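Bear in mind that the values in this text are calculations on the coordinates, not laboratory data. These figures come from a predicted structure and were not determined experimentally. Cβ atoms come from the backbone with ideal geometry, glycine included; neighbour counts cover every protein chain shown.
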Amino acid sequence: MSTTKDRAMSQSDPNLPPAGLEPDSGENSPQPRRRNPSEFRSRRWFGPADLRSFGHRSRAMQMGYSPEEWTDKPVIAIINTWSDLQPCHTHFKTRVDDVKRGILMAGGFPVELPALSLSESYLKPTSMLYRNMLAMETEELLRSHPIDGAVLMGGCDKTTPGLLLGATSMNIPAIFVPAGPMLRGNWGGKTLGSGSDSWKYWDELRAGKITDQDWLGVEGGIARSYGTCMTMGTASTMTAIAESVGMVLPGGSSVLAADAGHIRLSSESGRRIVEMVYEDLTPQKIQTRKAYENAIAVAMAMGCSTNAIIHLIAMARRAGQDIGLDDFERYSRKVPVIGNVRPSGNTYLMEDFFYAGGIRGLMNNIREHLHLDCLTVTGRTLGENIEGAKIYNDDVIRPTSNPIYGEGSLAVLKGNLAPDGCVIKPAAMDQKFLKHSGPAVVFDDYPSMKKAVEDEDYPFTPDTVMVLRNAGPQGGPGMPEWGMLPMPKKLLKMGLRDMMRMSDARMSGTSYGACVLHVAPESFVGGPLALLRTGDIVTVDVEARSIRMEISDEEMAARRAAWKAPERRYERGYGWMFSKHIQQADQGCDFDFLRTEFGAPVSEPVIY
Ligand code: FES
């Protein structure tokens with residue numbers, strides 16, 4: 001008889017015929033000890049014959065549940081990031097019922113716990129300000145309630161790391177259900193890609209190449225269904241990372257939100273989490289250093305968002321794995337970009353990627369760079385999960401012998417402008433800027449930069465290095481996605497579509513161009529970017545991985561002595577706490593007090 005684990009393996013990639021994996025013979029994966037329900041965490045709430053447990057049981061009955069529905073069953077939290085202002089998760093309002101169906105089928109007791117929805121589109125000043133809030137909410141929701149395992153429903157950019165950070169710190173069995181990419185955009189017969197085509201057509205409008213009516217057409221056609229951005233933006237990057245680190249059913253991160261396979265994936269995840277509770281398969285058993293190295297390799301091969309670096313470092317450190325910029329640099333040098341998806345690729349979108357074989361196919365193509373023995377939520381290894389994966393379009397998912405970019409998606413640069421590192425995306429920029437020297441034009445805030453780029457008399461030249469500072473973790477605050485600084489109108493009218501840009505901000509994964517990002521330490525706390533002046537020559541050399549401002553050490557020291565720290569922006573509330581405790585980009589922008597080394601968590605609340 002097939003087990004839930006077998007079903008998880010055979011249908012979690014609904015794009016493909018059954019994955020061709022035989023039911024587990026037990027030869028490859030040792031059978032874990034099956035826990036007795038008396039060991040479940042929730043038993044502490046529902047089990048004892050005392051006054052407090054009487055209260056818990058009577059309140060469950062108040063909600064209409066009978067003791068048969070919870071007794072000896074694992075209680076499964078569904079952490080759902082649905083809201084009416086979260087367009088990427090619209091389907092989660094009903095998809096949660098499919099997760100519940102799966103949990104009930106497998107003999108669990110499902111409970112839905114809504115959490116911060118973190119809409120990338122609507123949250124201001126930036127959703128990154130709240131990633132750690134979702135992480136804390138997730139951890140504390142799981143800790144404070146009678147929960148034995150969790151299904152995490154997310155996908156829109158920060159929801160994936162936010163949910164995983166919290167669940168990893170809490171470390172009870174958890175499985176991630178990605179929202180799935182939306183359908184391709186369409187306008188006037190042209191395919192539109194999330195974000196990328198917004199920036200592209202906005203510049204065309206500013207350059208006078210399309211009409212206001214055209215622009216309205218783009219506005220109506222670029223987001224045609226529920227689901228996450230369908231370019232290789234941060235959402236698709238992070239869900240692929242969640243899968244490659246072992247936290248998603250095989251192939252699950254590629255399934256389109258509007259595909260019936262997504263409903264099956266949701267139900268299957270519900271069935272699987274119940275088994276995971278019996279197996280006590282916790283995130284920290286899955287998220288080893290080798291698992292994070294797999295995630296970095298996959299990110300590089302996918303043509304990932306620059307945001308991957310920040311989130312991966314934070315996630316790995318919550319799992320007790322010391323991943324840093326050097327690990328990204330190592331994989332960047334050896335894993336080529338083979339996912340031909342925009343913005344690194346020119347044509348295809350996540351819908352094409354799904355039809356071409358999805359993440360299993362991509363991982364199979366780079367298997368020599370992966371640790372195939374890593375454990376995953378299936379209870380099997382990554383190697384077993386991708387065995388037999390096929391490619392149906394080798395222009396979308398290329399072989400490593402025919403990559404779209406010979407090295408990894410991202411490059412880490414260091415030098416006197418960024419002693420703790422910064423990031424650039426060579427696969428998605430005009431290649432003539434790979435080595436560039438030019439005079440800096442420096443802005444201290446976004447409004448003055450925005451005004452200048454519309455001023456056709458402002459002294460921008462094609463060689464200019466446009467710089468925005470005070471846009472980092474503390475300066476933004478929250479490190480907004482301003483890093484793809486807008487092209488000056490003057491240069492657009494000259495026919496130029498790229499220039500060297502630099503900031504301590506992030507940029508959307510759907511963005512592109514010669515943009516140096518995440519400069520660390522940030523200018524707001526006195527990093528060298530704070531000392532740069534308009535007219536200084538800045539040199540970027542991607543091959544040498546270096547970034548410099550061409551001034552003497554003596555001049556640098558004199559400017560440092562004269563530098564005055566800007567005033568902090570928040571005097572109370574969450575913003576105050578954020579600015580006191582946020583770490584720099586190279587440390588993953590986690591709160592210092594949430595680091596693993598800060599101290600052991602209180603994993604079990606006392607029940608009096
Ligand atoms: Fe939600 Fe892009 S806005 S994934």
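Of all beta bridges that DSSP places with both ends in region 401-545, some 50 percent have antiparallel geometry.
When SER121, SER196, SER546 are ordered from fewest to most other Cβ atoms inside 10 Å of their Cβ, what list results? Could you put the intermediate results ahead of the total?
Values: SER121 13, SER196 24, SER546 16.
Neighbour counts put them in this order, fewest first: SER121, SER546, SER196.
Calculation over all alpha carbon pairs of region 382-432 in 5 angstrom steps from 0 returns a P(r) of 4, 15, 14, 16, 18, 11, 10, 8, 4, 1 percent.
Working note: Debye formula, equal point scatterers on the alpha-carbon atoms of region 165-272, no solvent; log10 I(q)/I(0) at q = 0.11, 0.17, 0.19, 0.24 Å⁻¹ is -0.45, -0.81, -0.92, -1.23.
Between LYS334 and GLU550, the FRET efficiency estimated from the beta carbon spacing at R0 = 35 angstrom works out to 0.65. For TYR574, TYR201, TYR292, the sequence from fewest to most other C-beta atoms within 10 Å is TYR574, TYR201, TYR292.
Here, region 43-192 has an Rg and a Dmax of 17.6, 68 Å when only alpha carbons are counted. Bridge orientation summary for the chain: considering DSSP beta bridges with both residues in this region, about 40 percent are antiparallel.
Taking the square root of 5 times each eigenvalue of the Cα gyration tensor, what semi-axes in Å does the equivalent ellipsoid of the chain have, largest first? Spell out each step's value before the answer.
Details: eigenvalues 349, 146, 98 Å².
Sorted largest first and rounded, they come to 42, 27, 22 Å.
Above 15 Å lies some portion of the pair distances; for region 83-147, what is it as a whole percent of all C-alpha pairs? Before the final figure, lay out each step's value.
Working: 1295 of 2080 pairs.
Of the Cα pairs, 62 percent sit more than 15 Å apart.
Within the straight-line cut-off of under 15 Å between alpha carbons, the aspartates and glutamates reachable from LYS390 are ASP13, ASP352, sequence neighbours fewer than 8 places apart in one chain being disregarded.
Projecting the Cα atoms of THR539, THR81, LEU164 onto the charge dipole of the chain, computed from C-beta unit charges around the Cα centre, puts THR81 farthest toward the positive end.
Taking label positions 7 Å along the Cα-Cβ direction at both HIS581 and SER401, the computed distance is 5.3 nm, reported to one decimal. Relative intensity of region 110-221 on a log10 scale, I(q)/I(0) at q = 0.09, 0.11, 0.12, 0.15 Å⁻¹, equals -0.37, -0.51, -0.57, -0.73, per a Debye sum over C-alpha point scatterers of equal strength in the absence of solvent.
Distance from the Cα centroid of region 540-578 to that of region 164-206 is 32 Å (rounded to whole angstrom).
In nm, what is the difference between 0.36 nm times the number of residues separating ASP463 and ARG52 and their Cα-Cα distance?
Details: separation 411, 0.36 × 411 = 147.96 nm, distance 7.05 nm.
Stretched out fully, the ASP463 to ARG52 stretch lengthens by 140.9 nm.
Kindly state, to the nearest 0.05, the FRET efficiency for ASP420 paired with TYR122, given R0 = 30 Å and r defined as their beta-carbon distance. Please report the intermediate quantities before stating the final value.
Working: r = 32 Å, r/R0 = 1.06.
Between ASP420 and TYR122 the formula returns 0.40.
The simple spin-label model puts a point 7 Å past each Cα toward its Cβ; for MET105 and ASP214 those points are separated by 4.9 nm.
What per residue convex hull volume, in Å³, do the alpha-carbon atoms of region 319-382 yield? Kindly include the intermediate steps, with their values, before the conclusion.
On the way: hull volume 8.4 nm³, N = 64.
In region 319-382, the Cα hull volume divided by residue count equals 132 Å³.
For region 246-308, what is the Kirkwood hydrodynamic radius in Å, using each pair of distinct C-alpha atoms?
Values: mean 1/r = 0.0736 Å⁻¹.
So the Kirkwood estimate lands at 13.6 Å.
Taking the square roots of 5 times each eigenvalue of the Cα gyration tensor of region 542-608, largest first, gives ellipsoid semi-axes of 38, 20, 10 Å.
For region 524-600, give the magnitude of the charge dipole about the Cα centre (Cβ charges: +1 Lys/Arg, -1 Asp/Glu; no others), in debye to the nearest 20. Walk me through the intermediate numbers first.
Numbers: 11 positive and 13 negative charges, 91 e Å.
Roughly 440 debye for region 524-600.
Potential lengthening of the chain between SER437 and THR94 amounts to 118.1 nm, from the contour at 0.36 nm per residue minus the alpha-carbon distance. Take the Cβ atoms of ASP444 and LYS190, set R0 to 41 Å, and the FRET efficiency comes out at 0.60.
On full extension, the segment bounded by ASP394 and ARG44 gains 120.7 nm, given 0.36 nm per residue less the C-alpha separation.
Unpaired cysteine residues in the chain (no second Cys Cβ under 4.7 Å): CYS229, CYS304, CYS374, CYS422, CYS515, CYS589.
The alpha carbon radius of gyration of region 287-330, expressed as a multiple of 2.2 N^0.38 Å, is 1.01.
Got a sec? How would VAL248, VAL441, VAL335 order by Cβ neighbour count within 10 Å, fewest to most? Kindly include the intermediate steps, with their values, before the conclusion.
Working: VAL248 30, VAL441 19, VAL335 24.
Taking fewest neighbouring Cβ atoms as first place, the list is VAL441, VAL335, VAL248.
Can you check how the C-alpha radius of gyration of region 538-580 compares to 2.2 N^0.38 Å, as a plain ratio?
On the way: Rg = 17.0 Å, N = 43, 2.2 N^0.38 = 9.2 Å.
Rounded to two decimals, the normalised Rg is 1.85.
For region 261-358, the equivalent ellipsoid built from the Cα gyration tensor has semi-axes of 26, 23, 10 Å, listed from largest to smallest.
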